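Engineer: Here it is, the structure in full.
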Amino acid sequence: MAKEMDWGSLGFEYTPAAYRFVATWRDGKWDEGQLTTDPTVHINECAGVLQYAQACFEGLKAYRTEDGRVVTFRPELNAERMIDSATRLEIPPVPKELFMKGLDELVKANLDMVPPYGSGATLYVRPYVFGSGEVIGVKPADEYTFRMICMPVGPYFKGGAKPVVVKISDFDRAAPKGTGGIKAALNYAMSLYAGTRAHEEGFAENIYLDPATRTKIEEAGGMNVVFITKDGTFVTPKSESILPSVTRRSLEVVAKDMLGMKVEHREVLLSEVPEFAECGLVGTAAVICPVGKINDHGKVIEFPTGMDEMGPGLQKLYDTLTGIQMGRIEGPEGWLHEIK
Ligand SMILES: *Cc1c(COP(=O)(O)O)cnc(C)c1O
């Protein structure tokens with residue numbers, strides 16, 4: 001199969017690999033899990049996930065490095081975040097050891113699906129956990145399934161990162177003490193309407209504001225927002241209802257410790273955005289997607305970096321982080337988890 005794959009032309013689509021890892025929580029504990037070739041989930045019609053959306057997920061990638069290793073990037077942070085997400089949804093958390101064991105077994109079993117170094121493609125890993133036991137009264141399910149699947153995905157940008165145009169949304173993605181800070185499937189279900197409307201209007205993404213005052217930048221719904229000031233400070237919005245992106249947290253470390261930039265993780269007002277020199281959306285899928293313009297109800301904020309390419313500050317951050325992920329640049333200790 002691997003020989004026939006045209007890695008460069010892959011998109012971001014479900015392309016099943018031969019194996020997936022599955023574990024079950026029953027009678028108060030997680031079993032040890034195992035690999036299976038069955039892509040179909042068999043659950044009761046009243047499963048908690050189907051009735052009350054009791055589900056959360058993660059997303060990370062496996063990379064082939066220049067020297068031929070297969071690695072994942074800071075997967076412990078994904079394991080920890082999935083524990084936080086599960087806890088908030090009354091799902092028994094998947095222990096870190098089980099998450100890491102599943103990840104190692106899954107990637108090892110599907111090595112032929114890890115794209116070659118230099119192809120721009122990567123192996124996307126999607127862990128998720130959901131209520132598989134039946135409920136009809138509103139309560140947590142009594143059985144849960146943890147599943148980890150993977151698929152090769154193409155480069156996010158084919159032929160270089162092109163800046164996008166985004167809009168300030170009139171919808172909210174999170175409530176102040178709600179579930180914005182966790183990777184709950186339900187956050188995505190209710191973002192689809194706003195996302196589809198934005199796409200119809202020709203925008204790549206929505207940027208959401210804080211729901212309480214609608215004056216502060218939150219995030220893009222699947223990516224955190226970052227800025228660079230005119231004097232080169234890396235600024236990232238802070239709020240309890242922003243999902244703590246692994247990419248964003250890693251970029252803060254790269255900026256401060258490797259590139260000697262000043263880093264500010266703080267509340268960011270929409271009104272100060274026109275002062276910034278660069279803007280980007282960050283997450284595992286794209287690493288950094290440059291933003292050229294933000295449309296705020298017809299008032300357009302244009303970043304001086306324009307619509308042709310990523311600005312110099314973000315480009316340096318992008319090159320360094322992807323260099324670390326691909327094993328070209330030595331990053332902080334423990335950032336690469338070696339699988340093979
Ligand atoms: C997953 C996700 C991100 C990006 O997080 P990474 O860990 O960098 O992939 C950003 N925002 C939301 C809402 C997310 O669900």
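The values are calculated or read from the model by the stated rules, or taken from the named source; none is laboratory data. Keep in mind the model is a prediction, meaning the values are calculated, not measured. Note: ideal-geometry Cβ built from the backbone for every residue, glycine included; neighbour counts use all protein chains shown. Protein only, heavy atoms only, side chains kept; ligands, DNA and RNA dropped before computing areas. Shrake-Rupley method; radii C 1.70, N 1.55, O 1.52, S 1.80 Å.
Engineer: Is there a residue in the stretch 208-217 that is of a type outside the set (S, T, N, Q), open to solvent by less than 20 Å² (accessible area, probe 1.4 Å), in contact (Cβ under 8 Å) with a residue 40 or more places away in the chain and in contact with a Pro (Cβ under 7 Å, 6 or more places away or on another chain)?
Structural biologist: yes
Engineer: Out of everything in the stretch 84-104 that is assigned to a helix (DSSP H, G or I) and crowded, with 18+ Cβ neighbours inside 10 Å, what residue ends up being nearest to the ligand (Cβ to nearest atom)? Steps first, please.
Structural biologist: Going through the stretch 84-104, the residues assigned to a helix (DSSP H, G or I) turn out to be 84-88, 96-104.
Subset that is crowded, with 18+ Cβ neighbours inside 10 Å: 85-86, 98-99, 102-103.
Working: Ser85: 10, Ala86: 15, Leu98: 20, Phe99: 14, Gly102: 18, Leu103: 15 Å.
Going through the qualifying residues, I end up with Ser85.
Engineer: Within the stretch 36-45, is there a residue that is open to solvent by less than 40 Å² (accessible area, probe 1.4 Å) and of a type outside the set (Val, Ile, Thr)? Break it down stepwise before answering.
Structural biologist: Taking the stretch 36-45 and keeping what is open to solvent by less than 40 Å² (accessible area, probe 1.4 Å), we get 36.
Imposing the further condition that a residue be of a type outside the set (Val, Ile, Thr) reduces the set to none.
Scanning the stretch 36-45, I find no residue that is open to solvent by less than 40 Å² (accessible area, probe 1.4 Å) and of a type outside the set (Val, Ile, Thr), so the answer is no.
Engineer: Can you name the residue in the stretch 152-164 that is among the aliphatic types (A, V, I, L, M) and either open to solvent by less than 20 Å² (accessible area, probe 1.4 Å) or assigned to a loop (DSSP other than H, G, I, E, B) (or both) and is also modelled with the lowest pLDDT among such residues?
Structural biologist: Step by step, filter the stretch 152-164, then rank; the result is Ala161.
Engineer: For the stretch 165-177, enumerate the residues that are surrounded by fewer than 21 Cβ atoms within 10 Å (Cβ to Cβ) and in contact with a strand residue (DSSP E or B) (Cβ under 6 Å, 6 or more places away or on another chain).
Structural biologist: Val165, Ile168
Engineer: Could you go through the stretch 238-255 and let me know if any residue there is touching a His at 6+ places or on another chain (Cβ under 6 Å), charged (D, E, K, R), more than 30 Å from Gly11 (Cα to Cα) and not in a helix (DSSP H, G or I).
Structural biologist: Checked the stretch 238-255: at least one residue is touching a His at 6+ places or on another chain (Cβ under 6 Å), charged (D, E, K, R), more than 30 Å from Gly11 (Cα to Cα) and not in a helix (DSSP H, G or I).
Engineer: How do the strands (runs of 3 or more DSSP E) wholly within the stretch 271-340 filter down when requiring 3 or more residues that are farther than 26 Å from Gly159 by Cβ: which remain?
Structural biologist: Details: elements: 278-283, 287-296, 299-302, 336-338.
Where strands (runs of 3 or more DSSP E) fall fully within the stretch 271-340 and carry at least 3 residues being farther than 26 Å from Gly159 by Cβ, they are 336-338.
Engineer: Please enumerate the residues belonging to the stretch 179-207 that are of a type in the set (A, V, I, L, M), touching a residue at least 24 places away in the same chain (Cβ under 8 Å), more than 10 Å from the ligand (Cβ to nearest atom) and in a loop (DSSP other than H, G, I, E, B).
Structural biologist: Ala204
Engineer: Also, I was wondering about something else. Among all residue pairs at least 6 apart or on different chains, which show Cβ distances below 9 Å where the first residue, located in the stretch 89-112, is more than 17 Å from Ala55 (Cβ to Cβ) and the second is open to solvent by 20 Å² or more (accessible area, probe 1.4 Å) and of a type in the set (Gly, Ala, Ser)?
Structural biologist: Ala109/Ala18; Asn110/Ala18; Leu111/Ala2; Asp112/Ala2; Asp112/Ala18
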